[in-house]
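The structure appears below as structure tokens.
The values are calculated or read from the model by the stated rules, or taken from the named source; none is laboratory data. Quick caveat: nothing in here was measured; it's all calculated off a predicted structure. As a convention, Cβ positions derive from the backbone with ideal geometry for all residues, glycine included, and neighbour counts pool all protein chains shown. SASA here: full protein model, heavy atoms, side chains in, ligands and nucleic acids out. Shrake-Rupley method; radii C 1.70, N 1.55, O 1.52, S 1.80 Å.
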Amino acid sequence: MAKVFIDCEWIEGDYLTILGAYSYGQDKFQLYDETLTRRRFSRFLNICTNRSGGSETFLFCHGPDIGRIESFFDMYLKKDYYCINTITAFRTFTTFRDTSLGHLEEYFEFPRRYALTTNEMKDLWNSGNEDNRRIVLKYNWDDCTNLWRLVRIVMKEYNVTIGDLKRIAMH
């Protein structure tokens, strides 16, 4: 079974700027600028699925990223993958009232190199300075890896099973 943890940055509103995806055992995967293509994203998902023996693949996000990726790339991920919004998972299987990524990261004491506001991200990314852009990419990568940590916690500490996750998958 493959698990892919996806986070996107939408720096100009509805315009997808960065797509990061973490899957255990895979190299760091981030698409932006000219690399942000449907073909590259599909190839990464296929590699993750094939690496796991071609069995079920779960895509995890925290918020609306799956639907927005589907719209941006004109693809239907929910047909081929179990797409799980971790907000729904935490609301369904835990007693957390605040399920924002920032709150959960703070509660579970997750590492984060940078805490950026939307405006800070926009200014850094649009500055044209490569060091500033790397900060935004590190922020995005922390989102991906912390999402992986959240799913591990909800499964281990709250006894959420693969069957439970399938039941809350997006349709």
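Worth pointing out:
- Along the axis of the charge dipole computed for region 38-171 (Cβ charges of +1 for Lys and Arg, -1 for Asp and Glu, origin at the Cα centre), the listed residues Ser42, Leu147, Leu104 are led at the positive end by Ser42.
- Counting DSSP beta bridges with both ends in the chain, the antiparallel % (nearest 5): 55
- For the pair region 114-170 / region 43-91, the C-alpha centres are spaced 14 Å from each other.
- Accessible area per residue in Å² at 1.4 Å probe, computed on region 33-140: 57
- Placing +1 on the Cβ of every Lys and Arg and -1 on the Cβ of every Asp and Glu, with nothing else charged, gives region 67-171 a dipole about its Cα centre of roughly 340 debye.
- Computed over region 63-107, the alpha-carbon pair-distance distribution with 5 angstrom bins reads 5, 20, 23, 19, 14, 13, 6, 0, each value a whole percent.
- For region 42-101, size of Cβ-based charge dipole, Lys and Arg +1, Asp and Glu -1, in debye: 80
- Percentage, to the nearest whole number, of Cα pairs in the chain over 21 Å apart: 47
- The chain - percent of accessible surface contributed by carbon and sulfur, probe 1.4 Å: 46
- 222 nm mean residue ellipticity, helices alone, for the chain (DSSP H n ≥ 4; -39,500 (n - 2.57); rounded to 500): -14500 deg cm²/dmol
- Candidate lysines - alpha carbon under 19 Å from Lys78, same-chain residues fewer than 8 apart omitted: Lys3, Lys166
- Within the straight-line cut-off of under 27 Å between alpha carbons, the lysines reachable from Lys122 are Lys28, Lys138, sequence neighbours fewer than 8 places apart in one chain being disregarded.
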